[in-house]
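Read through the structure below, which is laid out as structure tokens, and then see the notes.
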Amino acid sequence: MESLSVLQQQQQRRMEGEPASKRSRLEHHRGFSDGSSFHMEDLPEEIQPLVLSLLSLKEAARTSLVSKNWRKLWTRYPNLCFDGSKDESADMASVKIERAKFIETANSIIKQHSGIGLNKFSVRWYSHLMESDILNRWICFAAASKAKIIDLNLWPQGNHVGPTKQVLHFPLEALGAQDHPFIQCLFLTNVSIKPHSDICGFTKLRSLHLHCIQIIGDLLGLLLNCPSLEDLEVIACSGVTDLNIPHQLDKLRHLVISNMRIQMVELHVPNLSRFGYNGGTAIPIVLHGCSKLQKATLTFHRTWLEEDNNKVLGHVFHGIPSISAVKVLHVHASMHTNYPVWSSQVHTLTTRPACMFLNLRHLTYEILFFTKAPNRYSGILQLSQYLAFAPQLETLELHMAYHVSVSRCWHGEGVSYSMHRHDHLKTVYMSGFRCFRAQVALLCSILEMGAVLEQVTIEPMVRIPYSCDLLNLGIPRDKICEWAHRTSERFGKVITVAERPEQRCSYAISVERL
């Protein structure tokens with residue numbers, strides 16, 4: 001044994017003296033000689049698809065050329081994603097060639113695939129180039145292979161967005177394996193579905209995204225058969241008038257409802273953490289038991305009637321009390337008036353909000369104003385009262401866009417309005433700040449009542465994603481900087497005027513100088 005040890009040590013010293021390239025060859029040949037070399041097929045069958053998933057489908061198919069033992073390995077590739085959504089600017093002949101090539105390639109791969117270990121099946125293609133029998137065969141293959149994720153996105157023809165009159169039908173029944181349910185994520189775009197209450201096979205479904213879907217049937221019946229649902233998005237779908245689910249969706253965490261012509265929303269979602277609503281007008285929204293809500297995004301994009309302007313900013317406090325537990329709130333709304341008249345009194349709340357936002361830490365308002373005279377319109381001052389119902393607020397972001405061609409800044413002193421004292425508000429950011437009268441009054445109120453303010457930033461540029469060619473024009477930036485300087489001296493707090501990251505000017509005056 002001692003002699004064997006000595007020989008091993010001598011061999012090790014010789015190898016250390018050899019060049020790296022020669023030593024590598026020696027180790028390679030020794031591995032073949034002692035039978036310790038690695039082969040892909042030596043891995044457990046459940047591990048091989050994981051290794052293949054690190055490659056693209058084309059790269060996985062090329063592995064069949066390496067060895068005879070690998071020729072069938074790629075047929076267990078876990079993710080089949082067919083994407084043919086290219087620009088159709090070419091002539092019709094080339095479009096037909098692309099269509100034939102796309103379908104032929106997909107059919108060939110599906111025919112050779114073993115169906116074992118399929119994780120994701122995805123198709124992105126133009127709806128008018130897809131035939132229903134082809135689509136049905138592909139979906140039946142995905143169902144027979146028990147794919148966990150199915151993502152079907154059929155792009156509409158031309159620039160049309162939304163459900164069309166002639167859309168392909170997606171066969172939900174094909175996924176109905178009642179004994180052994182498999183589908184976990186289902187993403188559908190621009191197809192039609194016929195859900196019903198007797199549908200089965202969705203007990204493991206965790207994510208359901210329906211975008212531009214024609215719903216012919218009972219959507220609520222489908223949702224009642226999804227006890228594991230965690231993520232639900234219903235966007236621009238037709239055929240649904242109400243989302244009223246008496247059954248408790250106790251695992252739902254993320255809910256988005258957007259561009260739907262529905263009259264009300266009522267759900268039992270005790271564990272909801274994120275909620276998004278995007279609609280034309282305010283509708284009754286009742287979310288029972290949302291004690292764990294972390295973030296909510298609410299968008300009311302239709303122009304409000306003039307008589308409703310006093311309600312728009314406070315609707316989240318009055319109309320949706322079920323989101324009062326939220327910590328981060330983002331609201332986008334529009335305010336409209338043709339003949340504004342400045343009021344010396346802030347609109348008084350006729351009724352107290354139904355709840356207090358005791359957990360709210362970060363509030364963002366994006367407001368689009370339609371007014372001919374921004375210096376005579378005081379609607380934004382409603383916030384001076386509504387902020388009192390968020391006593392723990394730490395960060396306030398206010399992004400404003402005025403649809404005016406030319407306007408002048410307010411040259412008078414900013415009048416502070418009655419406002420609740422804020423002992424936690426540290427950061428205030430206002431974009432689209434052009435020294436309009438109501439903007440000045442609101443910020444002065446915040447400066448006066450913000451006991452622990454650390455950072456106040458105003459930005460003349462608009463931060464709402466709209467065309468800026470006719471927004472907030474006509475007021476030079478130096479005028480805004482002059483106002484910031486005077487106001488910082490008045491309240492003894494730093495005001496930063498920002499336009500671009502490389503272009504900033506700050507004005508401050510120490511408390512000791514006052």
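Being in contact with a His (Cβ under 9 Å, 6 or more places away or on another chain), surrounded by 15 or more Cβ atoms within 10 Å (Cβ to Cβ) and assigned to a loop (DSSP other than H, G, I, E, B) is the filter here, so list the residues in the range 443-464 that pass it.
Leu453, Val462, Arg463, Ile464, listed by residue number.
Which count do you get for residues in the range 170-197 that are open to solvent by 50 Å² or more (accessible area, probe 1.4 Å) and part of a loop (DSSP other than H, G, I, E, B)?
Looking only at that region, the number is 6.
Return yes or no: is Leu243 surrounded by 17 or more Cβ atoms within 10 Å (Cβ to Cβ), modelled with pLDDT under 95 and more than 23 Å from the chain's Cα centre (by Cα)?
Details: surrounded by 17 or more Cβ atoms within 10 Å (Cβ to Cβ): yes; modelled with pLDDT under 95: yes; more than 23 Å from the chain's Cα centre (by Cα): no.
For Leu243, the condition - surrounded by 17 or more Cβ atoms within 10 Å (Cβ to Cβ), modelled with pLDDT under 95 and more than 23 Å from the chain's Cα centre (by Cα) - is not met.
So, Ile262, is that one open to solvent by less than 30 Å² (accessible area, probe 1.4 Å) and either at pLDDT below 85 or in a strand (DSSP E or B) (or both) or not? First the steps, then the outcome.
On the way: open to solvent by less than 30 Å² (accessible area, probe 1.4 Å): yes; either at pLDDT below 85 or in a strand (DSSP E or B) (or both): no.
When the stated conditions are applied, Ile262 does not pass them.
Which members of the range 208-225 meet the condition of being surrounded by fewer than 17 Cβ atoms within 10 Å (Cβ to Cβ) and in a strand (DSSP E or B)?
none
I'm checking my understanding of the structure. Among residues of the range 75-109 that are in a loop (DSSP other than H, G, I, E, B), in contact with a helix residue (DSSP H, G or I) (Cβ under 9 Å, 6 or more places away or on another chain) and more than 22 Å from Ala144 (Cβ to Cβ), which one is modelled with the highest pLDDT?
As a first pass, look at the range 75-109 and keep what is in a loop (DSSP other than H, G, I, E, B): 77-78, 84-91.
Now narrow it down to the ones that are in contact with a helix residue (DSSP H, G or I) (Cβ under 9 Å, 6 or more places away or on another chain): 77-78, 84, 86, 88, 90.
When the remaining residues are screened for being more than 22 Å from Ala144 (Cβ to Cβ), the result is 84, 86, 88, 90.
Numbers: Gly84: 81, Lys86: 63, Glu88: 50, Ala90: 49.
Among them, the one singled out is Gly84.
The values are calculated or read from the model by the stated rules, or taken from the named source; none is laboratory data. Because the structure is a prediction, the values reported are computed rather than measured. Glycine also receives a Cβ, built like all others from the backbone with ideal geometry; neighbour counts cover every protein chain displayed. We work out accessible area using only protein heavy atoms, side chains counted, and drop any ligands, DNA or RNA first. Shrake-Rupley method; radii C 1.70, N 1.55, O 1.52, S 1.80 Å.
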